[in-house]
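Once you've had a glance at the structure underneath, I'll fire off some questions.
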Amino acid sequence: MSMIATPVEVHPRPKEGTMMRLQAALPKLVLAPSFAAILVFVYGFILFTIYLSFTRSRLLPVYELAGFDAYQRLWSQPNWWVAITNLGIFGGLYIGVCIALGLFLAILLDQKIRGEGVLRPIYLYPMALSFIVTGTAWKWFLNPGLGLEKTMHDWGYAWFKLDWLVNPDMAIYTVVIAGVWQASGFCMAMFLAGLRGIDGEILKAAQIDGASTIALYRRIVIPMLRPVFLSAFIVLAHMAIKSYDLVIALTGGGPGNATELPSTFMYSYTFTRNQMAVGAASAVIMLMTICAIIVPYLYSELREKNS
Amino acid sequence: MSAVAASSGPAGSSITTKVVIYGLLALFAVFYLLPLFVMVITSFKTLDEIREGNMLALPHNPTVEPWLAAWGSACVGLTCAGIKGYFWNSISMVVPAVAISTLLGALNGYVLTKWRFPGHKWVFGLMLFACFIPFQTVLIPMARILGLIGLADSIPGLVLVHVVYGLGFTTLFFRNYYEAFPNELIRAAQMDGASFFQIFRRILLPSSGPIIVVTVIFQFTNVWNDFLFGASFTSGANAPMTVALNNLVNTSTGVREYNVHMAAAMIAALPTLIVYVLAGRYFVRGLMAGAVKG
Amino acid sequence: MAFLEITGLRKRFGALEILKGIDLTLDRGGFLVLVGPSGCGKSTLLSTIAGLETISEGTISIAGEVVNDRHPSKRDIAMVFQSYALYPNMSVAQNIAFGLEMRGVPKPERDKAVAEVAKMLQIEHLLNRKPGQLSGGQRQRVAMGRALVRNPRVFLFDEPLSNLDAKLRVDMRTEIKRLHQKTGATIVYVTHDQIEAMTLATKIAVLKDGELQQVGTPSEIYNRPANLFVADFMGSPAMNLISAKVVNGGNSKGLSLSRHGGEPIVLPLSGALGVIAGQEGREVILGVRPEAITDPDGADRGATAVEMLNCFVDVVEPAGADTYVVTTLGGKEVVARMRADASIQPGQTTPFAFNLDKAVLFDPSTGQRL
């Protein structure tokens, strides 16, 4: 109780010889390989990529600096603009719909539902599967000649048309649908955990105050879920920026380049189009975007725990 | 009790409301299950039935041929030996990658909570941030390093990659778990004369069951499902399951055997699906721990 | 030379000094209680003795050996923790034997030692259980067993009873006392509960803000507190500390205490008050324990200086065995401890008997006893 430093600190002094010194250094020695690996493979590599983005590397790295050449080329690629625009559409809808749907499902599930134990895992399982797997199914499902459209036609609804997958204007929305399908259950789980964490007495008090169910959620419950909204936003935003398998499995970036995202852009420019510097530059832009979202969040999270 | 359930009010909600709620919930269950359902039934259909019949209809004459073909004889790229080789590739990548990253994560979490040193927060912060970086920023140098150390296009190379980029998560999991582990127990063990590793092995590890399960499942799912690293650092016969599946599905020569594709996808999905069915609770906990940094 | 000797001990965390030069000694078989409010540094002091915290300055020696730089496990000490710190994955027997196992004691000897300790603590029937299956009191015994089995030179107890409910706490207190008498162990015990300190200790050290306030036997601490802090901290209800002034004017000669709604009352400078005789005009603080202010019939017959004074009764609090009566003197509430059957009503003015043998005086500016 009157302990000032909670951490266990035992530093045997060197007087007891090398063995003791070794003992004292042991924790750091154990941590060191992991930390060194992260320093090199994460931060070292990031620096290397940043360096490359300031060169004219093509198939192989060249180390002669070329200023912002790669960035200029990057931003003059119509393809990159498509990727950025798509990320905006995809990211906005993906985050928005996942949060809305997740919250909605969580509220429904929280109404003393029988069979919650069955429904919850059904909503969540897409998170456990690789999108390369489920993309295979989605692609087939959305294929106009084979999937839902054909099924509807077979059933006699000849007017039904679902050709988004092959329609360059709409293909990005199929990516959104599949993405929402995958992640909204996870959002639901986060919101459900948040709902279960709310103090029941507050809700009873609100009911006694005469709040209707809708008012209760709108005025009391949803405002209290603010931290969950923030967490969900952070997680989804960073997943949206990193989304790669999703597009590869579903559309391969097509039709044409209609569903290009920065992640697929980076990959193809680096590994298939031999534009390594441009690829590196696009990776740096992705990193900066994620940093803008994550760093303030992590900073506040770690700081809160401090106090 | 469920907090908000109280909102249904002491008098309970009306029947109509209940029906609407259950209806909506069922509708969404169908939405989530549909792709899996289509995958499963298609994988048991013949190609003819797929072409003629309804996508949502159950197979008339169920056949396991597509599964056998997917496993043993389907063409991935130019070789036609099925996906079994890739399946084993994935297994031999996942097992060491998960084991090593979990063990290291446990040790890191132990040091970062019970043997703190000045700057431990920074070390942890840097490791935590590594969870979030877009992997595109490390692909180019990683490819070069793997080439330099002779691990390019190999399973050990992928193991290394997955260990390194999984460390942030495993360390986070164990750190948060051990944070709540009483320091007095560590002090007591020190006074009892237990060494650094003895304390870890005899005191902490036996109490770490749940977090080990969470971490192993999380890592297993992540590594098994990875596509980006597999596609970037391996090719041909050394590729993991996901890459092979993608190649199989996109192999454009000959007739598209959708039933075989679906069967192959199911095979690729089964390990994680089984883990999810058996230990879904722990999987969700892992996701949440990764999401809500506590 | 004392068995446990601490000299000039200082502990700093960065710029913050937690222990500001502690000097303490304890003889073999002694029971030293470190007592003080939260944050006074008593637990840190215990941790430095254990070796769980390093020290910034000074020395700690056990049986004549300086142990400053020795690892906790090499100091031949054992500790009972506030949370008991039982290893959750091990059985009671394994918990008790763990320290022996780590020291390489062979299994048969360990089993024998565990059996002996279990018998002494009457926990033989619990040996195969896990800590999670034990009640608070049982955990407490196991924690003590783990310490006892090693037969160490010094036992350290870190608030071992604070997690128990009131009744169990009293039982375990007796148990610890009995154990100490039976084994003759040398014990250092940390608590913030002054009753525990009084009942258990052969020697009490009162700490505040990292400094020793007083070291002495329980009776010295209780009867002759070195300063206002000790006077106020030890004893329950606390000692009455009343501002007073030495006066010498006509028929009012002595120590004057202002009184609620009336003339000040004046105590003659008899008994312990003799030390300030002739220091007219001096401000002092008079310390009188509640049991030294009684109803006239309840006054100590052996006392040499009992003074009767009429006081106004503010509140009466029956407490079963005694009745506490509150009056206001020197601008402060003063508690008197009267017999349960003394017929006293609030609002009445009635004689209070002050036993001046037991009174103590403090200097208001330094807080030290005169």
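No lab work stands behind these numbers, since they all come straight from the coordinates. From a predicted model like this one, the values you see are computed outputs, not experimental measurements. Note: ideal-geometry Cβ built from the backbone for every residue, glycine included; neighbour counts use all protein chains shown.
Over every pair of different alpha-carbon atoms in region B:18-110, take the mean of 1/r and invert it; report that Kirkwood radius in Å.
The answer is 17.2 Å.
How far, in degrees from 0 to 90, does helix B:241-250 lean away from the longest principal axis of the Cα atoms of chain B, to the nearest 10?
Once rounded, one gets 30 degrees.
May I ask for the longest run of chain A untouched by trypsin sites (Lys or Arg not before Pro) that are loop-located per DSSP and have at most 16 neighbouring C-beta atoms (other than their own) within 10 Å?
A:162-272
Give me the base-10 log of I(q)/I(0) for the protein assembly as shown at each q in 0.06, 0.08, 0.09 Å⁻¹, Debye formula, one uniform scatterer per Cα, rounded to two decimals.
Treating every Cα as an identical point scatterer, log10 I(q)/I(0) equals -0.63, -0.93, -1.06.
Do the sum for the protein assembly as shown: with -39,500 (n - 2.57) for every DSSP H run of n ≥ 4, divided by all residues, what is the mean residue ellipticity at 222 nm, to the nearest 500 deg cm²/dmol?
Taking each H run of at least 4 residues, the total per residue is -16000 deg cm²/dmol.
Just tell me which lysines come within less than 25 Å, Cα to Cα, of A:K150; anything on the same chain fewer than 8 places away is out.
Candidates past the 8-residue exclusion: A:K139, A:K161, B:K45.
State whether chain C is rounded, prolate or oblate according to the following rule on the C-alpha gyration tensor (a ≥ b ≥ c being the square roots of its eigenvalues): a/c under 1.5 gives rounded; otherwise a/b larger than b/c gives prolate, and the remaining case gives oblate.
prolate
With +1 assigned to the C-beta of every Lys and Arg and -1 to the C-beta of every Asp and Glu, and no other charges, what is the dipole magnitude of chain B about the Cα centre in debye, to the nearest 20?
920 debye
Between A:W81 and A:M170, what FRET efficiency comes out of the Förster formula 1/(1 + (r/R0)^6) with R0 = 25 Å and r the beta carbon distance, rounded to 0.05?
It comes out at approximately 0.85.
A follow-up question, please. Return the Rg/Rh ratio of region C:144-250 with Cα-based radii and a Kirkwood Rh.
The Rg/Rh ratio comes out at 1.10.
Let's test the formula: R0 of 45 Å, r as the Cβ-Cβ distance of B:L33 and B:S235. What FRET efficiency results, to the nearest 0.05?
With a Förster radius of 45 Å, E is 0.80.
Here's a follow-up. Mind checking the alpha-carbon convex hull of chain A and giving the volume per residue in Å³?
237 Å³
Then there is this: Can you give me the Kirkwood hydrodynamic radius for region C:254-308, using every pair of distinct Cα atoms, in Å to one decimal?
Result for region C:254-308 stands at 12.7 Å.
Show me the helices of chain C, taken as full DSSP H stretches, that run 15 Å or more along their long axis by Cα and average 0.0 or above in Kyte-Doolittle hydropathy.
Length and hydropathy pass: C:92-102.
Which value in nm describes the separation of the simple spin-label points at C:S243 and C:R224, placed 7 Å from the Cα toward the beta carbon?
2.9 nm
Now for a different question. Give me the distance in nm between label points sitting 7 Å out from Cα along the Cα-to-Cβ direction at C:I195 and A:A205, one decimal.
It works out to 3.5 nm between the two label points.
What is the dipole size for chain A, taken about its Cα centre, with +1 at each Lys and Arg Cβ and -1 at each Asp and Glu Cβ, in debye to the nearest 20?
Dipole of chain A, to the nearest 20 debye: 500 debye.
Rank C:L212, C:A15, C:N310 by how far each Cα sits towards the positive end of the charge dipole of chain C (+1 on Lys, Arg Cβ; -1 on Asp, Glu Cβ) and give me just the farthest.
C:A15
Kindly identify region B:13-63 as rounded, prolate or oblate by the Cα gyration tensor criterion: order the square roots of the eigenvalues as a ≥ b ≥ c, call it rounded if a/c is under 1.5, otherwise compare a/b with b/c, prolate if a/b is larger, else oblate.
prolate
Can you tell me the 0 to 90 degree angle between the C-alpha axis of helix B:209-225 and the longest principal axis of chain B, rounded to 10?
Rounded to the nearest ten degrees, it is 40.
Separate question: For region A:194-307, take every pair of Cα atoms, bin their distances at 5 Å starting from 0, and report each bin as a whole percent.
2, 10, 13, 13, 12, 10, 9, 9, 8, 6, 4, 2, 1, 0
Over the whole of A:115-127, what's the average partner chain Cβ count within 10 Å per residue? Rounded to a whole number, please.
Across A:115-127, the average partner-chain Cβ count within 10 Å equals 5.
When only alpha-carbon atoms are used, what values of Rg and Dmax, in angstrom, describe region C:171-222?
11.5, 35
Still on this model: At C:V316 and B:S73, where each label point lies 7 Å from the Cα along Cα→Cβ, what is the point-to-point distance in nanometres?
10.6 nm
So if we plug the beta-carbon distance of C:T59 and C:H125 into 1/(1 + (r/R0)^6) with R0 = 41 Å, what FRET efficiency do we get, rounded to 0.05?
So the FRET efficiency works out to roughly 0.40.
In chain B, with Lys and Arg counted as +1 and Asp and Glu as -1 at Cβ, which of these residues, B:F233, B:L158, B:A189, has the Cα nearest the positive end of the dipole, that is, farthest along it?
Of the options given, the answer is B:A189.
Which longest uninterrupted range of chain C lacks any trypsin sites (Lys or Arg not before Pro) assigned by DSSP to a loop state (not H, G, I, E or B) and surrounded by at most 16 other Cβ atoms within 10 Å?
Longest gap between qualifying sites, sites excluded: C:130-281.
For chain B, rounded, prolate or oblate, judged on the Cα gyration tensor with a ≥ b ≥ c (square roots of eigenvalues), a/c < 1.5 rounded, else prolate if a/b > b/c?
oblate
Be a star and scan region C:324-363 for residues whose amide nitrogen sits under 12 Å from the point 7 Å along the Cα-to-Cβ vector of C:A277.
Nothing falls inside the zone, counting backbone N under 12 Å.
Which one of A:I290, A:M19, A:G92 is farthest out on the positive end of the charge dipole of chain A, using unit charges on Cβ (Lys, Arg +1; Asp, Glu -1) and the Cα centre as origin?
Value computed over the given set: A:M19.
Mind checking the dipole of the protein assembly as shown: about its Cα centre, +1 per Lys or Arg Cβ, -1 per Asp or Glu Cβ, Debye to the nearest 20?
So the dipole magnitude of the protein assembly as shown works out to roughly 1340 debye.
While we're here: What is the order of B:D192, C:D322, C:D27, fewest Cβ neighbours within 10 Å to most?
C:D27, C:D322, B:D192
Hey, another quick one. Mind listing the Cα extents of region A:163-245 along all three principal axes, in Å, largest one first?
Per principal axis, max minus min of the Cα coordinates gives 55, 24, 15 Å.
What angle, in degrees between 0 and 90 and rounded to the nearest 10, separates the Cα long axis of helix B:84-114 from the longest principal axis of the Cα atoms of chain B?
20 degrees
Just to confirm my numbers, what's the Cα centroid distance between region A:68-110 and region C:196-267 in Å?
73 Å
Sort out for me the Cα centre separation of region C:296-311 from region A:121-175, rounded to whole Å.
98 Å
Whole Å is fine, so just give me how far the alpha carbon centre of region C:49-111 lies from that of region C:313-333.
Spelled out, the Cα-based centre of one part sits 48 Å from the other.
Each residue of region C:151-161 in order: what ³J(HN,Hα) in whole Hz does its phi give by Karplus 6.51 cos²θ - 1.76 cosθ + 1.60, θ = phi - 60°, with x for Gly and Pro?
Result, ordered by residue: 6, x, 6, 9, 9, 10, 10, 9, 6, x, 9 Hz.
In addition: Along each of the three principal axes of the Cα atoms of region C:30-89, give the extent in whole Å, ordering the values from largest to smallest.
Sorted largest first, the three principal extents are 35, 32, 25 Å.
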